[in-house]
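Novice: Can you keep this structure in mind? I'll have questions shortly.
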Amino acid sequence: MIDRNQEIVDVLIRLSQGDMKARLQRSYDRGVDDAIAYCVNLLATEFERLLAEREQNVRAQRNVLEATLEALLDPVLLVDPAGLVLRGNRAASALFGLGAEALPGTSLVALATPDESAFAAGLAAHVEREAVRDRETGFRIAEGHTTLPVSASAYRDAEGQVRGIVVVIRDDRDLRAARAQLQMTDRLAAMGTIAAGVAHEINNPLAFVISNLEFLAEELDEKRLAPYGEDATELRAALEAACRGSERVRQIVQDLRTFSRADRDSFRPVDVNQLIHSTISMLDNEIRHHASVRLDLGTIPHVEANETKLGQVFLNLIHNAVQAIPPGRVSENSIRITSGTDAKGNVVVSVEDTGQGIEPGHLDRIFDAFFTTKPVGVGTGLGLSICHQVVTKLGGTISVASVVGQGTIFKVALPPSQQPAATSGSAPEVASERRRRILVIDDENEVGQSVRRILRRHHDVDAVQRADAALRLLASTSYDVILCDVMMPEMTGMEFFERLQHERPELTNQVVFMSGGAFSPEARAFLNAQKGPSLEKPFEARALRTLIDEVVGDG
């Protein structure tokens, strides 16, 4: 029979080893042995309660830590000193495309790109010396390869020995995409401001160049050229060539303004076919070294869109088609652009090239931000992503099909506009029945003189270069039409109009604003708010005469 003292010692040893179920048998005779057994059992019961409470607290803390780890938006990996993943949170599983069961046991080296193998293998030794903070590191993720900032630090036991590594990967791809798009938007806005300014400076002299050429073409009829004999034909050909050249310059400036307008958030009915023509004109110098262009544009309705942003879509698609075709052998390659409608009435535009094509494995990612098949430094990987965003926001779709070595075709489908498109056709020119007095206000003297030449047969024209001079004339002279430039030094056309509203409100309906490109937001807002007609430089003689007749009521 075991000695009672030995029994007490055995129970205490079991309790010290964590066996909280150990108890001494009691005799309940209220003797010394029974009292000792009572006390030992009472302590054991209290130890058992405290241990259970501690385990419950530990479980609660573990659950909080687990929930916190899973709730983190950034991927987190717990890695042992040998470089094997012990566990990862939900974000890590999603990033690497591995399930919660597959991630543990995976080598950190296997998750990194080949050029990062040395870093991944030596991470344990590195964090033992110092933590890693926001190191740009390449990873093999579910979508391919990417570079993300990594922070890592060691966790140690009570003796200070490294027991593992906490690796935090900051998945900032969406933030970088947003920043890049914001930078691109700012860049486009800056380019738009510069381009509008350049267009304004070109349009002013171009206005009087075109006007004077048209004036010469009208004045130099066969009777006036008769004295020149055989040279008359050459003179007429030279004048016609100059007219064609100036018209080309006018169209180039117009296309430039289309792709750089300040009202980047406004929507209106857009002629897609005209936008395609403008895009091709912008890219003509590059296209002609790569391929021929085949156009098959059908009769289609307008679409409700921002002209600049939609223009960027076609600019990107056509430019990508050009870059897919190596330069040279133009006769063997083509870019075919078609437009039409589908069964639902949507406008469908396709851009098809005979280029190198896209690998099948890349087609699913072609619209992802930062994904590009172009060499480093050639493409940002944002062009097609932005195309997708623009088209989607318009309620449309964009798709791609490609065969390696044969070419690629992109299709854009957009819903038709429900608003009537503004008519651009000019009414037949009707000569005014009586002479009118016209006042031209433009800081470019040649613009005023060219207007005078165009209108002199039917109207009397005065031209001044300053708005304050115009105000002095209006104090003593009556005019039927006032042609006023918007952007002028000293006093702008907007300020001149405000003066009229206060001092001569009866004249405000006679003002027609001329603009070579209102490149400031204030000027554009001002023109948009005006209900009367306006004239964009450079203008044709026919358009100017027709507008004058409309203002005075003779047209």
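The values are calculated or read from the model by the stated rules, or taken from the named source; none is laboratory data. This is a predicted model, so every value here is computed, not measured. A quick note on method: Cβ atoms are made from the backbone with ideal geometry, for glycine too, and the neighbour counts reach across all protein chains shown. Each accessible area value is taken on the protein alone, full model and side chains, heavy atoms only, with ligands, DNA and RNA left out. Shrake-Rupley method; radii C 1.70, N 1.55, O 1.52, S 1.80 Å.
Novice: For the stretch 459-473, name all the residues that are surrounded by fewer than 18 Cβ atoms within 10 Å (Cβ to Cβ) and either in a loop (DSSP other than H, G, I, E, B) or among the hydrophobic types (A, V, I, L, M, F, W, C) (or both). Explain how you work it out, then say what you get.
Specialist: Taking the stretch 459-473 as the starting set, the residues that turn out to be surrounded by fewer than 18 Cβ atoms within 10 Å (Cβ to Cβ) are 460, 462, 466, 468-469, 471-473.
Listed by number, the residues that qualify are R466, A469, L471, L473.
Novice: If you don't mind, there's one more thing I want to ask. Among the residues of the stretch 333-346, how many are in contact (Cβ under 8 Å) with a residue 12 or more places away in the chain and more than 15 Å from T279 (Cβ to Cβ)?
Specialist: Number of matching residues: 7.
Novice: Of the residues that make up the stretch 80-94, is at least one open to solvent by 90 Å² or more (accessible area, probe 1.4 Å) and more than 60 Å from the chain's Cα centre (by Cα)?
Specialist: No, because not a single residue in the stretch 80-94 is open to solvent by 90 Å² or more (accessible area, probe 1.4 Å) and more than 60 Å from the chain's Cα centre (by Cα).
Novice: Within the stretch 281-291, how many residues turn out to be touching a residue at least 40 places away in the same chain (Cβ under 8 Å) and open to solvent by less than 50 Å² (accessible area, probe 1.4 Å)?
Specialist: Number satisfying all stated conditions: 3.
Novice: Taking only the stretch 106-116 into account, find how many residues are modelled with pLDDT of 90 or more and exposed (fewer than 15 other Cβ atoms within 10 Å of the Cβ).
Specialist: Adding up the residues that qualify gives 1.
Novice: Collect the residues in the stretch 385-404 that are modelled with pLDDT under 90, open to solvent by less than 20 Å² (accessible area, probe 1.4 Å) and within 25 Å of G345 (Cα to Cα), keeping them in residue-number order.
Specialist: Answer for the stretch 385-404, where residues must be modelled with pLDDT under 90, open to solvent by less than 20 Å² (accessible area, probe 1.4 Å) and within 25 Å of G345 (Cα to Cα): just C387.
Novice: Okay, next question. Pairs please, first residue from the stretch 447-465 and over 18 Å from D549 (Cβ atoms), second anywhere and open to solvent by 40 Å² or more (accessible area, probe 1.4 Å) and not aliphatic (A, V, I, L, M), Cβ atoms under 6 Å, 6+ apart in sequence or on different chains.
Specialist: As it stands, the answer is A463/R452; Q465/D443; Q465/N445, since those pairs meet every condition given.
Novice: Here's something else I'd like to know. State yes or no: is R294 touching a residue at least 60 places away in the same chain (Cβ under 8 Å) and under 24 Å from V347 (Cα atoms)?
Specialist: no
Novice: D134 - would you say it is out of contact with any Asp or Glu (no Cβ under 8 Å at 6 or more places or on another chain) and either modelled with pLDDT of 90 or more or closer than 13 Å to V79 by Cβ (or both)?
Specialist: Answer is yes for this residue.
Novice: Looking only at residues in the stretch 126-171 that are hydrophobic (A, V, I, L, M, F, W, C), free of Cβ contacts under 8 Å to residues at least 40 places away in the same chain and not in a strand (DSSP E or B), which one is least open to solvent (accessible area, probe 1.4 Å)?
Specialist: Only one residue tops the list, namely V127.
Novice: Identify, by number, the condition in (1) of a type in the set (S, T, Y); (2) crowded, with 16+ Cβ neighbours inside 10 Å; (3) on the phi > 0 side of the Ramachandran plot that Y28 doesn't meet.
Specialist: Y28 satisfies every listed condition except (2).
Novice: Conditions: (1) crowded, with 20+ Cβ neighbours inside 10 Å; (2) part of a helix (DSSP H, G or I). V351 meets all but one. Number of the miss?
Specialist: (2)
Novice: Could we say that L439 is at pLDDT 90 or above, farther than 19 Å from I548 by Cα and aliphatic (A, V, I, L, M) here?
Specialist: Criteria not met by L439.
Novice: State yes or no: is G407 at pLDDT 90 or above, of a type in the set (G, A, S) and surrounded by 20 or more Cβ atoms within 10 Å (Cβ to Cβ)?
Specialist: Yes: the conditions hold for G407.
Novice: If you check V76, V11, V40, which single one turns out to be among the hydrophobic types (A, V, I, L, M, F, W, C), open to solvent by less than 50 Å² (accessible area, probe 1.4 Å), within 30 Å of E128 (Cβ to Cβ) and in contact (Cβ under 8 Å) with a residue 12 or more places away in the chain?
Specialist: None of the others qualify; the one that does is V76.
Novice: All but one of (1) closer than 24 Å to S266 by Cα; (2) open to solvent by 40 Å² or more (accessible area, probe 1.4 Å) hold for L310; state the number of the condition that does not hold.
Specialist: Here L310 clears every test but (2).
Novice: Might you let me know whether the stretch 14-25 holds any residue that is free of Cβ contacts under 8 Å to residues at least 40 places away in the same chain, surrounded by 14 or more Cβ atoms within 10 Å (Cβ to Cβ) and touching a Pro at 6+ places or on another chain (Cβ under 9 Å)?
Specialist: There is no residue in the stretch 14-25 that is free of Cβ contacts under 8 Å to residues at least 40 places away in the same chain, surrounded by 14 or more Cβ atoms within 10 Å (Cβ to Cβ) and touching a Pro at 6+ places or on another chain (Cβ under 9 Å).
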